[in-house]
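Q: Would you mind keeping the following structure in view while I ask a few things?
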Amino acid sequence: MKSTVRTARGAVVALVLALVAAAPAAAAQPTRTIIVAGPATHYPAGTGCDFDVTVYRPMGGRTAITDFSDGRETALNHAIHRTITNDATGATFVEESISHEVDTFANGLIAGTINGQFIWQFYPGDVGPDGTVLDHVLALYIQGNATYVVDGTTFATLEIHIVGTVTDICAALS
């Protein structure tokens, strides 16, 4: 009987300690932001490609961004079915963007991974997938995954490694 009481007391103490330890974690719930994409977005020359493009989306596309108390951030993108159009020629590129991204923030840098089907936009001064510094705008549609490091102040891509299929969107629209 004494061992049963001792075991029960031990279980109660363990439960109380577990609840005390869990209290700070419960208080620090992640925050979530939902971004709903509009039906169309225009990108002037130099912001998407070297020429004007418009992206058309059906309603329902969204991105859920979750920020955790340990400094991580995740983005779950469901852009669904998008058509990117060269405004001058009417040429189109159709893509499905569905991806999961995890970022960490340290020492002024953003380090992350992204998996799925997504677009990575490069600007002059960014380091491209082959390690060279780019002098032009480059939009890549990636089906696979990427690991990257981005400057947390300028958002310049400092390093990116891609595994999967890569399509140069601007070349496909030219």
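The values are calculated or read from the model by the stated rules, or taken from the named source; none is laboratory data. No experiment lies behind these values; they were computed from the predicted model shown. Glycine also receives a Cβ, built like all others from the backbone with ideal geometry; neighbour counts cover every protein chain displayed. For accessibility, only protein heavy atoms count, side chains too; no ligands or nucleic acids. Shrake-Rupley method; radii C 1.70, N 1.55, O 1.52, S 1.80 Å.
Q: If you check every pair at least six apart or on different chains, which have Cβ atoms under 9 Å apart with a residue in the stretch 45-63 that is at negative phi first and a residue that is outside any strand (DSSP E or B) and among the polar types (S, T, N, Q) second?
A: Correct list of pairs: Cys49/Ser174; Asp50/Ser174; Phe51/Thr89; Phe51/Ser174; Val53/Thr47.
Q: Suppose we keep only residues that are within 16 Å of the chain's Cα centre (by Cα) and surrounded by 11 or more Cβ atoms within 10 Å (Cβ to Cβ) within the stretch 34-45. Which one would you say is modelled with the highest pLDDT?
A: Taking the stretch 34-45 and keeping what is within 16 Å of the chain's Cα centre (by Cα), we get 34-37.
Within this subset, residues satisfying the condition of being surrounded by 11 or more Cβ atoms within 10 Å (Cβ to Cβ) are 35, 37.
Details: Ile35: 85, Ala37: 79.
Of everything passing the filter in the stretch 34-45, Ile35 is modelled with the highest pLDDT.
Q: Additional query: Hey, among the residues in the stretch 92-110 that are open to solvent by 60 Å² or more (accessible area, probe 1.4 Å) and of a type in the set (S, T, N, Q), which one's nearest to the chain's Cα centre (by Cα)?
A: So the residue we want is Thr104.
Q: Considering each residue of the stretch 119-174, count those that are farther than 19 Å from Ser97 by Cα and of a type in the set (S, T, N, Q), and give that number.
A: The number of residues fulfilling the criteria is 5.
Okay, residues lined up against (1) crowded, with 18+ Cβ neighbours inside 10 Å; (2) modelled with pLDDT under 95:
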{"position": "Val53", "(1), (2)": "yes, no"}
{"position": "Tyr56", "(1), (2)": "no, yes"}
{"position": "Arg62", "(1), (2)": "no, yes"}
{"position": "Gly71", "(1), (2)": "no, yes"}
{"position": "Ala75", "(1), (2)": "yes, yes"}
{"position": "Arg82", "(1), (2)": "yes, yes"}
{"position": "Asp87", "(1), (2)": "no, no"}
{"position": "Gly90", "(1), (2)": "no, no"}
{"position": "Gly112", "(1), (2)": "yes, no"}
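Q: Identify, from the list Tyr141, Tyr123, the residue that is over 13 Å from the mean Cα position of the chain (by Cα), aromatic (Phe, Trp, Tyr) and open to solvent by 60 Å² or more (accessible area, probe 1.4 Å).
A: Working: Tyr141 fails: open to solvent by 60 Å² or more (accessible area, probe 1.4 Å).
Matching residue, one of Tyr141, Tyr123: Tyr123.
Q: Filter the stretch 92-110 down to residues that are polar (S, T, N, Q) and closer than 13 Å to Asn145 by Cα and give me whichever is modelled with the lowest pLDDT. Lay out the reasoning, then the answer.
A: Step one: list which residues in the stretch 92-110 are polar (S, T, N, Q), which gives 92, 97, 99, 104, 107.
Next, only the ones that are closer than 13 Å to Asn145 by Cα stay: 97, 99.
Working: Ser97: 90, Ser99: 94.
For the stretch 92-110, the residue satisfying everything is Ser97.
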